[in-house]
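Participant: Submitted below is the structure of interest, expressed as structure tokens.
The values are calculated or read from the model by the stated rules, or taken from the named source; none is laboratory data. Quantities reported herein were computed from a predicted structural model and do not represent experimental measurements. Glycine also receives a Cβ, built like all others from the backbone with ideal geometry; neighbour counts cover every protein chain displayed. These accessible areas exclude ligands, DNA and RNA; they are computed on the full protein's heavy atoms, side chains included. Shrake-Rupley method; radii C 1.70, N 1.55, O 1.52, S 1.80 Å.
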Amino acid sequence: MITILMAVFNGEKYLSDQIESILNQTVKEWKLVIQDDCSTDTTAEIAMSYAAKFPDKIAFHQRYTPSGSAKSNFFSMIEYADTDYIMTSDQDDIWLPSKIEVTLNKFSEIEKNIGRDIPILVHTDLKVVDSELNILGESLFKYQNLNSDNDCLNKLLVQNIVTGCTMMTNRALISKVRTEPEHAIMHDWWFALVASAFGTIGYVPQATILYRQHGDNEVGAKNSLSELMSRKH
């Protein structure tokens with residue numbers, strides 16, 4: 001079973017599309033946990049309606065004090081991750097139908113080699129699209145000139161190559177990242193650093209999501225390190 005953690009905030013415009021894309025996955029052994037971070041639009045109502053319609057698949061939680069960031073909202077959701085595998089989801093993308101299947105297959109391949117007790121993180125490529133899903137780039141890695149081999153700790157300290165909305169982790173990794181570090185920039189970057197230091201990172205050179213770029217992205221396809229650092233203050 002896989003737990004999908006979706007942190008949401010003022011995402012009414014795209015949230016239904018994202019949830020529908022998860023419901024349409026080829027792999028059905030998952031549960032989706034949505035946590036709203038004090039939205040001021042109809043995000044919570046949309047999420048609650050899906051939880052009511054699919055009570056065996058979707059759970060909804062409402063924060064009553066703002067977390068302050070998508071990163072903090074995600075970290076506060078880790079307590080809901082009680083399955084062998086955990087994925088994180090943004091509120092505004094589209095998961096391609098085989099996203100979970102492709103990622104899980106890579107995960108199983110790694111487990112056969114190193115076992116299930118080692119922290120493992122698997123991530124994939126993404127298609128970059130605009131707000132109307134027109135393709136801007138077939139590969140985020142080519143779009144940003146990223147090298148998927150740069151997953152050793154010293155290189156990850158300089159540049160993160162793991163996009164959280166594509167990653168899957170195991171319980172061994174989650175057990176090491178339960179507490180939000182004071183100086184962590186984003187949850188996915190911290191997960192990648194810990195996985196590299198104590199376990200391994202796997203990469204699938206296949207786009208598994210449509211990575212939607214619009215004016216309200218928390219982190220977009222062109223964010224630099226300096227821009228990310230400025231978001232902390």
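Participant: Taking the convex hull of the Cα atoms, report for the chain its projected area averaged over all directions, in nm².
Facilitator: 11.6
Participant: To continue, here is another question. Hey, can you rank 136-142, 117-123 by average C-beta count inside 10 Å, highest first?
Facilitator: Going by the mean number of other Cβ atoms within 10 Å, highest first, we get 117-123, 136-142.
Participant: Lysine pairs in segment 54-144 with alpha-carbon atoms under 23 Å apart, 8 or more places apart or on different chains: how many are there?
Facilitator: Counting lysine pairs in segment 54-144 gives 9.
Participant: Computed over the Cα atoms, what is the radius of gyration of segment 19-62 divided by 2.2 N^0.38 Å, N being its residue count?
Facilitator: Cα-based Rg divided by the globular estimate yields 1.16.
Participant: While we're looking at this one, here's another question. With +1 assigned to the C-beta of every Lys and Arg and -1 to the C-beta of every Asp and Glu, and no other charges, what is the dipole magnitude of the chain about the Cα centre in debye, to the nearest 20?
Facilitator: Here the size comes out at about 460 debye.
Participant: Under 17 Å from a label point 7 Å along Cα→Cβ of T65: give me every residue in segment 22-47 with its amide N that close.
Facilitator: Answer for this model: 36-39.
Participant: For the chain, with all protein chains present and a 1.4 Å probe, just round the carbon and sulfur fraction of the accessible area to a whole percent.
Facilitator: Heavy-atom surface of the chain belonging to carbon and sulfur, 1.4 Å probe: 50 percent.
Participant: When ligands, DNA and RNA are left out and all protein chains stay put, how many square angstrom of accessible area per residue does the chain have with a 1.4 Å probe?
Facilitator: 46
Participant: On to the next question. How much of K127 can a 1.4 Å solvent probe reach, expressed as accessible area in Å² and rounded to 10?
Facilitator: 60
Participant: I would also like to ask the following. Find the relative contact order for the chain and round it to a whole percent, using C-alpha pairs within less than 8 Å whose residues are 6+ positions apart.
Facilitator: 24
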